[in-house]
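I have placed the structure first, in the form of structure tokens, so that the comments after it can refer back to it.
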Amino acid sequence: MMSQMEGGCPVDFNTITDLFLQRNLIREATAFLLDVLKPNLPEHSFLQTKVLEINLVTFPNVADAILANGMFSHYDRPRIAQLCEKAGLYVRALQHYTELPDIKRVIVNTHAIEPQSLVEFFGTLSREWALECMKDLLLVNLRGNLQIIVQVAKEYCEQLGVDACIKIFEQFKSYEGLYFFLGSYLSSSEDPDIHFKYIEAAAKTGQIKEVERVTRESNFYDPEKTKNFLMEAKLPDARPLINVCDRFGFVPDLTHYLYSNNMLRYIEGYVQKVNPGNAPLVVGQLLDDECPEDFIKGLILSVRSLLPVEPLVEECEKRNRLRLLTQFLEHLVSEGSQDVHVHNALGKIIIDSNNNPEHFLTTNPYYDSRVVGKYCEKRDPTLAVVAYRRGQCDEELINVTNKNSLFKLQARYVVERMDADLWEKVLNPENVYRRQLIDQVVSTALPESKSPEQVSAAVKAFMTADLPHELIELLEKIVLQNSAFSGNFNLQNLLILTAIKADPSRVMDYINRLDNFDGPAVGEVAVEAQLYEEAFAIFKKFNLNVQAVNVLLDNIQNIERAVEFAFRVEEDAVWSQVAKAQLREGLVSDAIESFIRADDMTQFLDVICAAEDANVYHDLVRYLLMVRQKAKEPKVDSELIYAYAKIDRLSEIEEFILMPNVANLQNVGDRLYDEALYEAAKIIFAFISNWAKLASTLVKLRQFQGAVDAARKANSSKTWKEVCFACVDAEEFRLAQMCGLNIIIQVDDLEEVSEYYQNRGCFNELISLMESGLGLERAHMGIFTELGVLYARYRPEKLMEHIKLFSTRLNIPKLIRACDEQQHWMELTYLYIQYDEFDNAATTIMNHSPEAWDHMQFKDVAVKVANVELYYKAVHFYLQEHPDLINDLLNVLALRVDHTRVVDIMRKAGHLHLVKPYMIAVQSNNVAAVNEALNGIYVEEEDYDRLRESIDLHDNFDQIGLAQKIEKHELLEMRRVAAYIYKKAGRWKQSIALSKKDNLYKDAMETASQSGDRELAEELLIYFIEKGKKECFASCLFVCYDLIRPDIALELAWMNNMIDFAFPYLLQFIREYTGKVDELVKDKIEAQNEVKAKEKEEKDVIAQQNMYAQLLPLALPAPPMPGMGSAPGMGGFVPPPPMGGMGMPPMPPYGMPPMSSF
């Protein structure tokens, strides 16, 4: 309550606390201080410290609760920290100490601190302080505080750093702590060092199962380092070491360690249960360690089929202990094993023991020939050849036979093998043993062979190896001498072909001696080898006359011999080849003669081209007539017509086209036209009714009337234009106009015709054409527009009339451009107006006013423009060129222009008076710039009546500025207007001062009355008294009646002997005040009457209620009614107590004293 008293407690809080403490009322003092210190203000720091001190000394639990609530924050923390330490509240002391030595002194009392609180406290320390405190705790009681340190390290490892925590545990050699700490962090870490340290800690703390689990599951520890540690640790259980070595390939080291430490049981368990696949490595290491063979054999047999044979054999072979596996391998073979490695190893053992190895090598189907052959090379090369032959190991067999000079075996193998790649390899020039092999093949291998396939393969190999001389020698022995292969078709071909390639001088002899060879093929080869006479002989021997004549023509290139040969054989095909050759050589006439002899029409296209190039159209006509008898080809008939035209046989053309034919007359006509054979073309086009081309042809022949008639039949725009342009060039303007009327009705062609006429200077003729076109039924907008453009360029006097007559049928934008280019400004303005381009029309009028301006027209245009800037440009224009009409223009634009901007323009130009009528007309808009401009003009003209009217009607202007401008004007009425402006602006003092200065007392009194300021009115009274203006004093009392206080007025009048002048005011005041009092009395009487009437009405209501109550039974008395008294026997209404409760007297109505007090 004291703390909540207004103005604060009158007694000091400290004094009250001391009073409680003097009477040993600790609890009461604490309760008092807790209540008054709730706001936790800085000025209460002493009291906060005091209440904590009291309770820390007497009731530490209370102090602990106060600190836990966090009520105070301004007490002396070092002092409280010391008291908490003395009171045994070590957690609170730690929370308040800020120096590391103090914290280290308190934190070692772990026996009295809850572990969880201590762990949470570590979270508030910096990294360096936390590590120091952890070291102190371990130093004081390693065993007792280890659990807390581990929990702290787990909780705050990210802040403290894992490495720092590990160093602390290692510093105190606390592997148990390291084990528990890293155990919680291991699953989220991939650091190899952390995983190793965990394995090390687990091993040193005897957690063998955990070591085994981590070495088996973790993928992040360093295997080499871990292996070395586990070997040095010599754990009783070798499974962790087995996990590491098996996973990371340290099996030999593992085997050596286990054998050296006599842990054979673990070796057997690893091989049999853990990883039988690594048994070869184990066996190899045991052999290196000189382990007894019996143990090794037993180990191998215990695994049997699970054991990988290949690496086992490799390990034993490296150590030359392969016979150790004999029993194991024989056991596998007896079980039916087909493993190639098993049979390879068994074969090696048999070869080493020389136990009939040839039989094994030829009969065993499972061994790898390459592996066993390699094994035999240094022991017995012939056995290696047997093994390689069995497996077709070509490269190995060649190498071993070359190395040991076994060429006979090599030759037999190569011939039997019949492999092209093998032949290519042994016959390679880089093979230093090739000569020895060839000798053996020729002398031994092939004579022994009875297989044609082997002979063929060998021959092909010799050919591929490019050994033609050796091959010829071999084939002569086989083919030319009596042998089983003498009549062999392929060998005869091969002998001739080889001779063609290697010894051409023998070819002709072989052709004459041999009959069973492929003549066409061999002949072609001879041609390719440029043995043309031999080829001719072959073809002639086999009656291949076409091929023979081709050799004469293409290779020997002797047309005379070919013609002679053709006369000898008299074959059409031969003549045909001769004709083609003659055609190629340019002997066109001879070629045509040969084609006719051959009755060959197949090459008619080439003949036509050659005849045209050679200009031998008479011979071509003979050839084409022959061709027409065999085939109906459009090309032939067309070329025949063309040939007739070239030799000027026009009558034959007319006869030919009347006969049945398949000529493409259109193409022929076009070709004749292109080559200027117009008379022939005219016949063709007339026959096929191609009027367009006929018209073009007639134009070329300068038959213009006929061309016009043909164009009329063609009725094509392109044709009309061609004829029209030709007539213009020939100055046949009548015919040109006839054509032009058919062109200009097409919109797309109109401009082309116009440009053609204009480029040739035919302006009048073009205008005449266009004027004639106006009357056409199909006359379109383009004609009217183009005529307008022509008028603009060449007949400007007709332009305006044309525009007005045909304004609705013109392309106005195009005509606008033409008028702009030709500078016809009046017509351009009219076009802009017709096109609703009012902005451009206005711009044109203003830019070219001497020709284009008309006031009425410009007014009509100006109100329709869209660009607002043109309004102001028009104002400038009129100001410069037609200032007498500017008000007329502005009145038209009044609704569209910005009046302020117009006024600024005129003010800058210095012609503001010029637009006074306009400003008067728009002043009703109450624009500030207009008002100020007009007011300035009125001031200059001293027209105070218009100025006052403007001020009254339009208030949007700088009133104070105007007032200041005219308050010193030499004209009184102007100064009076200034006072009036001050009054309107509410500057009453300035207005009154100005009126007093000019003795305008009436204005001053009215201003004071309107101001509503009592001070101003009384000051004005005093001024009139000082000036002796008694009448003005009396007038002011009435004008300012509502403002002047009666006592002041009477006092001033009495003191200055002006009672008579103030007496009318006094009478008025008394009369008004008496009327007010009468009104108040009347109102009070009416209020009392209303109260009495209300009381009477309430009594009547109560009496009515009592009358109904008497009619009820006596046993049921009526319950008391609301508002009725509880006294027995009283049925009347008890009035409510007076309203003036709370010890105050009743208030009279309206808060006024009784009337009797007056």
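Give the ranking of 1063, 462, 957 by solvent-accessible surface, highest area first, calculated with a 1.4 Å probe.
On the way: 1063 100, 462 0, 957 25 Å².
Greatest to least solvent exposure: 1063, 957, 462.
Pairs 859/908; 1002/1030; 135/209; 635/713: which are spaced more than 20 Å apart, C-alpha to C-alpha?
Values: 859/908 24 Å; 1002/1030 14 Å; 135/209 31 Å; 635/713 29 Å.
Beyond 20 Å: 859/908; 135/209; 635/713.
Between the beta carbons of residue 1060 and residue 1015, assuming R0 = 30 Å, the FRET efficiency works out to 0.70 to the nearest 0.05. Look at the dipole of the chain built from charges on Cβ: of 409, 291, 359, the Cα furthest out on the positive end belongs to 291. For region 959-1009, trypsin sites (Lys or Arg not before Pro) meeting the loop criterion (DSSP other than H, G, I, E, B) and having at most 15 other Cβ atoms within 10 Å: 968.
Quick one: if the Förster radius is 45 Å, what FRET efficiency do residue 464 and residue 355 give, using the C-beta to C-beta distance and rounding to 0.05?
So the FRET efficiency works out to roughly 0.55.
Per residue, the solvent-accessible area of the chain (1.4 Å probe, heavy atoms of protein chains only, all protein chains present) comes to 53 Å². Counting only residues at least eight positions apart within a chain, or on another chain, the lysines with an alpha carbon under 17 Å from that of residue 1084 are 1076, 1092, 1094.
Rolled with a 1.4 Å probe across the full set of protein chains, the surface gives residue 380 an accessible area near 50 Å². Between the Cα long axis of helix 407-417 and the first principal axis of the chain there is an angle of about 70°, rounded to the nearest 10. Basic side chains Lys and Arg get +1 at the Cβ, acidic Asp and Glu get -1 at the Cβ, and with that the dipole of region 909-1056 about its Cα centre reaches some 160 debye. Taken along the Cα-to-beta-carbon direction at a fixed 7 Å, the label points for residue 700 and residue 716 span 1.4 nm.
Computed per residue of the chain from DSSP H runs no shorter than four, each worth -39500 (n - 2.57), the mean residue ellipticity at 222 nm is -21000 deg cm²/dmol.
Could you give the length gained by full extension between residue 274 and residue 154, i.e. 0.36 nm per residue of separation minus their alpha carbon distance, to one decimal place? Write out the running numbers ahead of the final one.
Values: separation 120, 0.36 × 120 = 43.20 nm, distance 3.62 nm.
Computed gain between residue 274 and residue 154 is 39.6 nm.
Placing unit charges on each Cβ (+1 for Lys and Arg, -1 for Asp and Glu) gives the chain a dipole about its Cα centre, and among 879, 242, 1093 the Cα reaching farthest toward its positive end belongs to 1093.
Label sites at residue 232 and residue 506, each approximated as a point 7 angstrom past Cα along Cα to Cβ, lie 8.6 nm apart. Residues 1076, 873, ordered by accessible area of protein heavy atoms at a 1.4 angstrom probe radius and largest first, appear as 1076, 873.
Spin-label model, residue 998 to residue 955: label points 7 Å out along the Cα-to-beta-carbon direction sit 2.1 nm apart.
Distance cut-off 27 Å, Cα to Cα: go down the list 425/501; 916/968; 86/173; 540/580 and report the pairs above it. Exceeds cut-off: 86/173.
Charges at C-beta only: +1 for Lys and Arg, -1 for Asp and Glu. How large is the resulting dipole of the chain about its Cα centre, in Debye rounded to 20? Mind showing how you got there, number by number?
On the way: 121 positive and 169 negative charges, 619 e Å.
Using only the charged Cβ atoms, the result is roughly 2980 debye.
Tell me, what % of the accessible area of region 276-378 is carbon and sulfur with a 1.4 angstrom probe?
On the way: 2320 of 5160 Å².
The C+S portion of the solvent-accessible surface of region 276-378 is 45 percent.
Counting only aspartates and glutamates at least 8 places from residue 318 when in the same chain, those with an alpha carbon closer than 14 Å to its own are 288, 310. Whole-Hz Karplus values for region 962-974 come out as 5, 4, 5, 5, 9, 5, 10, 5, 5, 8, 4, 4, 5 Hz, taken residue by residue from phi with 6.51 cos²θ - 1.76 cosθ + 1.60 and θ = phi - 60°; glycine and proline positions read x.
Shape verdict for the chain, please, from the Cα gyration tensor: rounded (a/c under 1.5), prolate (a/b greater than b/c) or oblate. Oblate shape, in that a/c is at least 1.5 and b/c is the bigger or equal ratio. If R0 equals 56 Å, the separation of the Cβ atoms of residue 424 and residue 625 corresponds to a calculated FRET efficiency of about 0.30.
Residues with beta-carbon under 15 Å from that of residue 635, excluding residue 635: net charge, scoring Lys, Arg +1 and Asp, Glu -1? All intermediate terms of the calculation are to be shown ahead of the outcome.
Values: positive: 628, 630, 632, 671; negative: 606, 612, 633, 637, 639, 670.
Taking every Cβ under 15 Å from that of residue 635, the sum is -2.
So which aspartates and glutamates pass the test for residue 682, namely a Cα distance under 16 Å, with those fewer than 8 places away in the same chain ruled out? Partners found: 648, 652, 654, 655, 670, 674, 709. The length gained by stretching the chain between residue 647 and residue 554 to full extension, at 0.36 nm per residue less their Cα-Cα distance, is 30.0 nm.
The values are calculated or read from the model by the stated rules, or taken from the named source; none is laboratory data. All values reported here derive from a predicted model rather than from experimental measurement. All Cβ positions, glycine included, derive from the backbone under ideal geometry; neighbour counts span all protein chains shown. The area values use the complete protein model at the heavy-atom level, side chains included, leaving out ligands, DNA and RNA. Shrake-Rupley method; radii C 1.70, N 1.55, O 1.52, S 1.80 Å.
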